[in-house]
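Visitor: Once you've had a glance at the structure underneath, I'll fire off some questions.
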Amino acid sequence: MKAIFNLLFFTLLLISFTAQSDNMRPSSLTIDAIDETNFSVVWKVPAKGNKRLKLDLVFDDSVSRTKPKQVSFFNNAYIETWTISRNAGLLGISFVVEGLAASSTDVLVRIINKDNKTVTAVLNADKPSYILAEQANEQTTLTYITLGIEHILIGFDHLLFVACLIFISTTRKKLLLTITGFTVAHSVTLIMAATGVVSIDIVPVEAVIALSIVFLAIEIAKQNKDSLTFKYPVLVSSSFGLLHGFGFASVLAEIGLPQNEKITALLYFNVGVELGQLIFIAALALLFVLSKWIYPALKLQSLARLISYFSGSIAMVWLINRLALF
């Protein structure tokens, strides 16, 4: 059993470093109408360090550039701006993002017409090209739900925190209340930060998010059922959930919100985050059931020890790296 435990631990450790290194923020493309035939373009490509991700935006032949590109580097991303012209207007405009097949990032597309109506879409390795055929309001809903799901499922620190919450909840009722408390808390700060009610520096927030995982990992390892953490897991999940909400908001700030549908997009992004969270919890439950079926002697206590050592080790690395950014 000890050999299996060690194997699982080091396997998860390796996977975690891989996941962390591939966790890229989305690219974004905004096309905004100046008039009937002229449009401004903002093309934002994330960077690893100072190295630009190899993504190239190519318009169809009906599009001509009217002003040269201006390039800047801000918040770990290269931002290119220029203007284009198309005699036929926006409807029917098409483009392809070359390099997506070799990248783990998505591209959020936002097209704004002269009436300030916005169409959104997400491009990825499976769908690297786009053509504006119609302006459907449903696109915003689906786009931001998808972005919310994707963010939580690649947000390894948030997933580790949710996994730890499961192991400090001693009953199903407590688990439901604990997860609900986390959801409500991070929803509040996500909405407040995204709407500009509260503004906070994300660097210390991300450090404290890592620290929150270290804290829970220690509590799980100690298994002191009389501690505040085990007695009142909802209090713990809600308190740290407020900080995690600022983490979600920082990603949403980079993605951006359509001006005429800001509240709608914000709510649907949050719905996507919650759906992704539920998918993760369901996957963990299924994994435990399958593991128990394959190895009947497996006990929840052993898994608690595994998640404690694994989460604590990874979170300490994150904490040190994030403190170095101060």
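The values are calculated or read from the model by the stated rules, or taken from the named source; none is laboratory data. Being a predicted model, the structure only gives us computed values, none of them experimental. Note that each Cβ is placed from the backbone with ideal geometry, even for glycine, and that neighbours are counted across all protein chains shown.
Visitor: Would you say Val198 is closer than 25 Å to Ala265 by Cβ and at pLDDT below 90?
Guide: Criteria met by Val198.
Visitor: Okay, moving on. Look through Ile191, Ile279 and report the one residue that is at pLDDT below 90 and at negative phi.
Guide: After applying the criteria, what remains is Ile191.
Visitor: Of the residues that sit in segment 138-158 and are in contact with a Gly (Cβ under 9 Å, 6 or more places away or on another chain) and among the charged types (D, E, K, R), which one is farthest from Ala210 (Cα to Cα)?
Guide: Glu150
Visitor: Scan segment 188-243 for residues that are within 11 Å of Ile168 (Cα to Cα), buried (at least 19 other Cβ atoms within 10 Å of the Cβ) and of a type in the set (A, V, I, L, M, F, W, C) and jot them down.
Guide: The answer is Leu216, Ala217, Ile220, Phe230, Val234, Val236.
Visitor: Tell me, which helices (runs of 4 or more DSSP H) wholly within segment 193-281 include 1 or more residues that are acidic (Asp, Glu) and either touching a residue at least 60 places away in the same chain (Cβ under 8 Å) or within 23 Å of Leu303 (Cβ to Cβ) (or both)?
Guide: Once the helices (runs of 4 or more DSSP H) in segment 193-281 are filtered for at least 1 residues that are acidic (Asp, Glu) and either touching a residue at least 60 places away in the same chain (Cβ under 8 Å) or within 23 Å of Leu303 (Cβ to Cβ) (or both), what remains is 202-222, 233-255.
Rundown of residues vs (1) surrounded by fewer than 14 Cβ atoms within 10 Å (Cβ to Cβ); (2) among the aliphatic types (A, V, I, L, M); (3) in contact with a strand residue (DSSP E or B) (Cβ under 6 Å, 6 or more places away or on another chain), yes/no style:
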| residue | (1), (2), (3) |
| --- | --- |
| Ala265 | no, yes, no |
| Asn270 | no, no, no |
| Leu290 | yes, yes, no |
| Ser302 | no, no, no |
| Gly312 | no, no, no |
| Ala324 | yes, yes, no |
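Visitor: Name, by its number, the condition in (1) of a type in the set (S, T, N, Q); (2) modelled with pLDDT under 90; (3) surrounded by fewer than 21 Cβ atoms within 10 Å (Cβ to Cβ) that does not hold for Thr120.
Guide: All conditions are met except number (3).
Visitor: Additional query: Of the residues Val58, Val41, Val45, which is under 21 Å from Leu108 (Cβ atoms), of a type outside the set (D, E, K, R), out of contact with any helix residue (DSSP H, G or I) (no Cβ under 7 Å at 6 or more places or on another chain) and at pLDDT below 90?
Guide: Val45
Visitor: Then there's this: Looking at segment 212-230, can you tell me whether even one residue there is modelled with pLDDT of 90 or more and within 16 Å of the chain's Cα centre (by Cα)?
Guide: The answer is no, given that none of the residues of segment 212-230 is modelled with pLDDT of 90 or more and within 16 Å of the chain's Cα centre (by Cα).
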